[in-house]
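Written below as structure tokens is the structure these notes are about.
Just so you know, all these numbers are worked out from the coordinates, no wet-lab data involved. In this text the structure is predicted, and so the values were computed from the model without any measurement. Please note: Cβ atoms are built from the backbone with ideal geometry, for glycine as well, and neighbour counts cover all protein chains shown.
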Amino acid sequence: MINELGHFALILAALVACVQAVVPMIGAHKRWPGWMAVAEPAATAQFLLTLLSFAALMHAFIVSDFSLRLVVANSHSAKPLLYKISGVWGNHEGSMLLWVLILALFGALAAWFGGNLPATLRARVLGVQAMVGVAFFAFILFTSNPFLRMAVPPFDGQDLNPLLQDPGLAFHPPFLYLGYVGLSLCFSFAAAALIEGRVDAAWARWVRPWTLLSWVFLTIGIALGSWWAYYELGWGGFWFWDPVENASFMPWLLAAALLHSAIVVEKREALKSWTILLAILAFGFSLIGTFIVRSGVLTSVHAFATDPERGVFILAILVIFTGGALTLYAARAGTMQAKGVFGVVSRESALVANNILLAVACFVVFVGTLWPLVAEMLFDRKLSVGAPFFDMAFTPFMVLLGLILPVGALLGWKRGKMGRALRQLVPGFGLAVAVAGLVWTMQTGRSLLGPVGLFLGTWLVAGAATDLLTRVGRSRDYARLLRLPRADWGKAVAHGGLGVTMAGIAGLMAWQIEDIRAADLNTPYTVGAFEFELLGVQRVQGPNWFADRGEVSVRRDGAEIAHLYPEKRTYPVARMPTTEAAIHGGFWRDIYVVIGDAQQGGGWTVRVYLKPLANWIWGGAILMAIGGALSLSDRRFRVAAGARKAVPAGEVPAE
């Protein structure tokens, strides 16, 4: 009964989305307040109905209702509760229902908190958001229905992919989708502004909080996925330039560019066309990511589905919405004339440079991701584009971005003084050079990657600190720092977080030590400055798995510093092994141990990695997310946007 209720609620939500997509748009065109007012209750009803449908599916997973085909394929009665819940979105159909739920949530949020928007713009934003919802409701109901029944329910299920039975992967998709799908609201704002033919400072102020919210969620989602890959897959890497990893990274880059571009629109009413284009492309790349994950056109460890029919449907959605918005963009280009002017040396110019670097970096990742597909289609050649290409092609743009950020943050609006900004940064530059020189000396002339990365990281952190300290002025009244707007603190923390992440990536890649050997029991051996000894291997059993668990003693200078317990698990239902690395974390480095198979001559295969600054990567990501949240909490984001005058109740503002 609950399953039927969930299915029925999903159908009703699709019908409500159809009403929301049509009636408010007609009302905005005809300027009928009653028709426009339909958008807000419809958005709320659509969200509540979709939430009811999602709750019904979650109930089926929690109680192990094997009458549903989806539960049979992705759950098991012996699975822990957390993974029964995460199994709801650990598959194609359930993850698409989560996708639509978040899409409806953002539409409802726009309805609940969009009271200060002009009536016509609000109606059109919610109408466009509902159009996207209609497309995905149709996709779910016609190609990916999560409520399909089994003719003969089995006694038990086939279990969830063991790689997904992990806390990191339990929370990674929801955060990632909150970022992915949140960009749909930026797209809706852009499309609504194009329909109205008006893009101004107030529009930029309305769209910035939604962009920032999406970017924060994307940052958390990507960081969780990277952290999971680091400790779960057993190869010790944090990023593989996998097509699906790239699919989430490209919208993140464009969302960062959109966030900075909207600032220029708000402050100077310049870059209007570029900002609208970024809003369209950011969501377009989210749709491209959805296509890559679910079409099977590119091979990935993260892919959900390989059904060509589903891929074609998503491709059609991508073409219709992105192509339609770009067509409207071309038709309205003449109405988006820039009003503000600014000098070559100014904060606006620095933000333009920031946008160019982020957009080109995104294009590089896009070309590298899709080139194997293009080569196979056009040249009948199977190619693989791996980490070496991305490292060489992508890194220079990030280095330039890191160099520019602190300088641009200190330049004045409209006309800045480069000499003044550089003088303020002299202490930070000196500190960065000193750190790079110290690192170069300590590593005795090895790769430049480490010193350059630590220089950039220090430069960004010092630049962020300098930006805050300049607000104190000559008075040296440091209490003024506590009275600064939260957006200023958020910017500094986010930029500093980027520096910490850059330093962590450089340190790990430059100085990692790897050792793979057949380790005999109770036989110490040395890796780097540490001594390792495999003390034993035991057979252990979990709720739905069994494992070989090793016990490894780690010593330094004769003193034991850690006991590590790496595991190699086997999930009998799914018939799939997984690696559970044992990690002794620290501020300066991680000790990472993985156990493999037993050897014929005795002993076990053991891999040891020493990973300097590994935790800085995720620490920096946390700082970036905190910085975004601080900016989002600034009261200026919660106050009525722009200088719109209040409109009497029932009256429609003039175009």
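Numbers below:
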| read-out | value |
| --- | --- |
| Calculated FRET efficiency for the pair Thr441/Met576, C-beta based, R₀ 35 Å, to 0.05 | 0.15 |
| Net length gained if the chain between Met392 and Trp371 were fully extended (0.36 nm per residue, minus Cα distance) | 6.0 nm |
| Of (i) 26.6, 86; (ii) 22.7, 69; (iii) 28.2, 121, the label for Rg and Dmax of the Cα atoms in Å derived from the coordinates | (i) |
| In segment 337-396, the trypsin sites (Lys or Arg not before Pro) that fall in loop regions by DSSP, at most 12 other Cβ within 10 Å | Lys339, Arg381, Lys382 |
| Alpha-carbon centroid distance for the pair segment 158-218 / segment 1-23, whole angstrom | 22 |
| Protection-proxy order for peptides 173-180, 498-505, each taking the mean of Cβ atoms within 10 Å per residue, highest first | 498-505, 173-180 |
| Positive-pole candidate from Ile595, Pro396, Gly419, dipole of the chain, charges at beta carbon | Gly419 |
| Cα-based reach from Lys491 at 17 Å (exclusive), listing lysines while leaving out same-chain residues under 8 positions away | Lys267 |
| Whole-number percent relative contact order across segment 513-614, with pairs defined as alpha carbons under 8 Å at least 6 apart | 25 |
| Nonlocal amide H pairs with Ser346, under 5 Å, H built at 1.01 Å | Gly416 |
| Lys/Arg +1, Asp/Glu -1 at C-beta; segment 1-165 dipole; positive extreme among Ser67, Phe113, Met96 | Phe113 |
| Cβ-Cβ FRET estimate between Asn116 and Leu469, R0 fixed at 25 Å, reported to 0.05 | 0.10 |
| Test item: Cα-centred dipole of the chain, Lys/Arg +1 and Asp/Glu -1 on Cβ, debye | 2860 |
| Under 16 Å from Lys84, Cα to Cα: aspartates and glutamates that are on another chain or at least 8 residues apart | Asp65, Glu93, Asp156, Asp159, Asp166 |
| Taking Glu309, Glu533 and counting other C-beta atoms within 10 Å, the order from fewest to most | Glu309, Glu533 |
| Theoretical FRET efficiency, 1/(1+(r/R0)^6), r = Cβ-Cβ of Val341 and Val426, R0 41 Å, to 0.05 | 0.85 |
| Charge dipole magnitude, Cβ of K and R +1, D and E -1 - segment 76-202, Cα centre, debye nearest 20 | 240 |
| Residue-span extension gain [Glu514 to Leu51] - 0.36 nm each, minus C-alpha spacing | 161.9 nm |
| From phi via Karplus (6.51, -1.76, 1.60), per-residue ³J(HN,Hα) for segment 519-535 in Hz, x at Gly/Pro | 8, 7, 5, 6, 10, x, 8, 10, 10, x, 8, 10, 10, 10, 8, 7, 8 |
| Positive dipole terminus of segment 1-165, leading residue within Pro80, Leu126, Ala45 (C-beta point charges) | Leu126 |
| Residue order, fewest to most surrounding Cβ atoms within 10 angstrom, among Asp166, Asp467, Asp380 | Asp380, Asp166, Asp467 |
| Cα→Cβ-extended label distance, 7 Å offset, between Phe142 and Ile561, nm | 6.0 |
| Neighbour-count order for Val19, Val594, fewest beta carbons within 10 angstrom listed first | Val19, Val594 |
| Unit charges on C-beta of K, R, D, E only; dipole of segment 393-549, Debye | 1420 |
